[in-house]
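*Asks:* Below is the structure I would like to discuss, written out as structure tokens.
Values in this text are rule-based calculations from the coordinates and carry no lab data. All of these numbers come straight from a predicted model, not from anything done at the bench. Cβ atoms come from the backbone with ideal geometry, glycine included; neighbour counts cover every protein chain shown.
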Amino acid sequence: MAFDIPAILAELRGEPTWQTADRNAITLLKTRGMRVVLVAMHAGTIVRTHHAEGPIALQTLEGRLRFRTDAQEETLGPGALLTLHAGIPHALEAVEDCAYLLTIAGEGAHPAEAHRGDHHG
């Protein structure tokens, strides 16, 4: 499958959820064992400490966000890719309005997936 990420981001940011909530997200791909979620967050949004059952990969598309684990803190800008092993507690904060792709291995829900529904899959 191919996705027009800028067009989908524009769609997300045009929805009422973006105007009223701290973030908006859409699941682009949902298969057994893997999900890809596009997330847009307003500056100052915090996703409190949580963990994922499987490994994750986070790629920043726009803006900057701060990613924290007990062991380290990283500020990620456009084009940055971060990977994390399963079960490691982590938190996010949008330093400025930002967008990122989150790839999640495993079946468990992830807090970033507060979204309007599936786009594909």
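*Asks:* Is it possible to state the helix-based mean residue ellipticity at 222 nm for the chain, with each DSSP H run of 4+ residues giving -39500 (n - 2.57), the sum divided by total residues, to the nearest 500 deg cm²/dmol? What is it?
*Replies:* It comes out at -3000 deg cm²/dmol, rounded to the nearest 500.
*Asks:* Under a GNM of the chain (C-alpha, springs under 10 Å), which listed residue has the highest mean-square fluctuation: Ala25, Ala86, Ala94?
*Replies:* In this elastic network of the chain, the residue with the biggest mean-square fluctuation among Ala25, Ala86, Ala94 is Ala86.
*Asks:* Same structure again: Nearest 20 debye, what's the magnitude of the dipole of the range 1-61 about its Cα centre given +1 on Lys and Arg Cβ and -1 on Asp and Glu Cβ?
*Replies:* 180
*Asks:* Evaluate 2.2 N^0.38 Å with N set to the residue count of the range 5-108, then give the Cα radius of gyration divided by it.
*Replies:* 1.02
*Asks:* If you don't mind, there's one more thing I want to ask. Rounded to the nearest 20 Debye, what is the dipole magnitude of the chain about its Cα centre when Lys and Arg each give +1 and Asp and Glu each give -1 at the C-beta?
*Replies:* Around 160 debye, computed over the chain.
*Asks:* Between Gly14, Gly44, Gly63, which gets the highest mean-square fluctuation from a Gaussian network model of the chain, Cα cutoff 10 Å?
*Replies:* Among Gly14, Gly44, Gly63, the largest mean-square fluctuation in the Gaussian network model of the chain belongs to Gly14.
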